[in-house]
Structures are given as C-alpha cells and as structure tokens.
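Novice: Here's a structure for you.
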Amino acid sequence: MDVIEAVKKRKSIRGYKPDPVAKEVLEEILELAKWAPSAMNTQPWEFTVLAGYVLENIKRSNIELLKSGVSPNPEHMVVGWPMESIYRQRQVNLAKQLFQLMDIPREDKEKRAKWQEQGFRYFDAPAAIIVSVDRCLSETGPLIDIGAVIQTICLTALHFGLGTCIEDQGAMYPDVLRKYAHIAESKRIVMAIAIGYPDWDFPANKLESEREPIKDMATWLGFD
Ligand SMILES: Cc1cc2nc3c(=O)[nH]c(=O)nc-3n(C[C@H](O)[C@H](O)[C@H](O)COP(=O)(O)O)c2cc1C
C-alpha cells in the first residue's frame, strides 16, 4: 500500500472482529512506527501493548467505574471546545453521524450510554496500545511527537489489514491501567489506541468522516 492510499484509507474503526492480533504483528508495527520524527530525536513515547485477560480486566473495570458514575480523570490535556465554535459544531456533527449509523435516537439515554461504554471497552478490539510519557517531560511538550508516532502506528497498521481508533476514552481511567497494566506513577498516560481486524459490517465503520476544503485552512504566500 503506498502512502497516499494509506492516508486516504485510514479511518477510525469502532467495531472489530474478535480474532486476536499476533504479538509479532504488533511488534512489527511498533518497530516501523518508531521511525516517526520527534523533537531533537527525543523519542518520548512509551508503549504498553495489551491483549487477552489483561485487556479484559481493564475493559471490565473501566465499565464498572463509568456505570457507577466515577468521573474520568485523564492525565493528558483534554481539549475543550467553546460552545459556539466551529470546533464544537464539528464534534456535534460527528456524534450525529455516528448515532444515525448506530440507530441511536437523540433522546434514548440508555442507548447513548451503551455507545459511550463501547469507547471505554476499546470498541471490543482484541488489543490496545497505551501511549505514555515520562513525567520528567513537560505536559504539553511531547504531544506533537506523540501525535506523529500515533498516526504512524495507525497508517502502518493498515499494511497488516488492521484497523485502529485513537481514543481518549481508553485512557480516561488511568488508575485502572496502572493497576492491571502496571504502568508506573512516573509515567503520564497520554492516549489509547484500539487495534484489531475491522468488522466491516459494523454500522459505525461505514462512517465517512468529513474534512473542510483546504482553501479554508491554508494561507498561501509568495506563489505569484
Ligand atoms: C486525540 C484523539 C482522541 C480521540 N478520541 C476518541 C475517542 O475517545 N472516541 C472515539 O470514538 N474516537 C476518538 N477519536 C477519533 C476521532 O473522532 C476521529 O479521528 C475523527 O472523528 C476523524 O475521523 P477518522 O479518524 O475516521 O478520519 C480521537 C482522535 C484523536 C486524534
């Protein structure tokens, strides 16, 4: 798969086949993704790769906390979207599209809660990668490096027929991850990536997310 095809094909996968992903495949993905750039080649990323009973324990505990109303306490900066902004509007549009595909009426609180749980269950992916950084680094400094390596993981995964979903939700209860995945207190848990073989019949996977035209995003100078 060439780069352009991979960039176009990558999309967030929110429904997976139960088939496990071989450790060797996940290792190869990380071996490739480590070639992502980082500021001054600092390579601040650390990966905790989860599957099997460890991931099951984490899924179960996340859901227990969510259902008992325990507020998520992520360790990374969660972006806030001002209510009247275009960013909030795009977020609402995404939610509307997903709810439509998943047949979740706006007023159906039970179905909405069930859908939210899916994110905390890594969308039932058979594996997940937790990305963390050492706390000696600033909270925001390594985030560009982390973004680069995460996108590289998601693109590389396509080569192996795998789908991914980068997800805040999977890192919202860091204490659960610390308990079952033994992530040290000295590490800041930044993000989760669900990974597995896509279930293409799963309705949410049919989502074609939108992008603004580049003419509205880019300023061009010195070309004429
Ligand atoms: C930093 C970050 C956090 C995200 N967190 C979630 C999440 O918690 N749950 C989810 O379903 N998708 C999550 N996503 C996926 C985005 O919703 C998705 O990338 C966006 O809607 C564009 O769709 P696409 O990935 O299919 O192109 C996240 C993506 C990023 C980059």
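Novice: Between a residue in the range 1-17 that is in contact (Cβ under 8 Å) with a residue 12 or more places away in the chain and within 16 Å of GLY196 (Cβ to Cβ) and any residue that is open to solvent by less than 80 Å² (accessible area, probe 1.4 Å) and assigned to a strand (DSSP E or B), which pairs come within a Cβ distance under 6 Å, given they are 6 or more apart or on different chains?
Specialist: Sorted first by the residue in the range 1-17, then by its partner, the pairs are SER12/CYS165; ILE13/GLY163; ILE13/CYS165; ILE13/PRO198; ARG14/CYS165; TYR16/GLY196.
Novice: Could you say whether any residue in the range 195-214 is away from the ligand (no atom under 16 Å from the Cβ), of a type in the set (D, E, K, R) and either open to solvent by less than 70 Å² (accessible area, probe 1.4 Å) or touching a Leu at 6+ places or on another chain (Cβ under 6 Å) (or both)?
Specialist: no
Let's see how each residue does on (1) under 18 Å from GLU27 (Cα atoms); (2) within 11 Å of the ligand (Cβ to nearest atom); (3) open to solvent by 10 Å² or more (accessible area, probe 1.4 Å):
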{"position": "ARG121", "(1), (2), (3)": "no, no, yes"}
{"position": "ALA128", "(1), (2), (3)": "yes, no, no"}
{"position": "THR140", "(1), (2), (3)": "no, no, yes"}
{"position": "VAL149", "(1), (2), (3)": "yes, no, no"}
{"position": "ILE153", "(1), (2), (3)": "yes, no, no"}
{"position": "THR156", "(1), (2), (3)": "yes, no, yes"}
{"position": "GLN169", "(1), (2), (3)": "no, yes, yes"}
{"position": "ALA181", "(1), (2), (3)": "yes, no, yes"}
{"position": "MET191", "(1), (2), (3)": "no, yes, yes"}
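Novice: Out of the residues in the range 158-167 meeting the condition of being of a type in the set (A, V, I, L, M) and within 14 Å of the ligand (Cβ to nearest atom), tell me which one is farthest from the chain's Cα centre (by Cα). Reasoning before the result, please.
Specialist: First, the residues of the range 158-167 that are of a type in the set (A, V, I, L, M): 158, 162, 166.
Filter once more, so that each one left must be within 14 Å of the ligand (Cβ to nearest atom): 158, 166.
Numbers: LEU158: 15, ILE166: 1 Å.
In this case the residue turns out to be LEU158.
Novice: Follow-up question, since we're still on this one. Quick one: which helices (runs of 4 or more DSSP H) lie wholly within the range 1-76 and hold at least 3 residues that are modelled with pLDDT of 95 or more and buried (at least 17 other Cβ atoms within 10 Å of the Cβ)?
Specialist: Because the criterion is at least 3 residues that are modelled with pLDDT of 95 or more and buried (at least 17 other Cβ atoms within 10 Å of the Cβ), the helices (runs of 4 or more DSSP H) in the range 1-76 that meet it are 23-33, 52-67.
Novice: Yes or no: the range 117-131 includes at least one residue that is closer than 29 Å to ALA6 by Cβ and free of Cβ contacts under 8 Å to residues at least 40 places away in the same chain.
Specialist: No: zero hits.
Novice: Looking at the range 77-93 only, could you name the residues that are in a helix (DSSP H, G or I) and among the hydrophobic types (A, V, I, L, M, F, W, C)?
Specialist: ILE86, VAL92
The values are calculated or read from the model by the stated rules, or taken from the named source; none is laboratory data. Keep in mind it's a predicted model, so treat the numbers as computed, not measured. Cβ: placed from backbone, ideal geometry, glycine included. Neighbour counts: every protein chain shown. Each accessible area value is taken on the protein alone, full model and side chains, heavy atoms only, with ligands, DNA and RNA left out. Shrake-Rupley method; radii C 1.70, N 1.55, O 1.52, S 1.80 Å.
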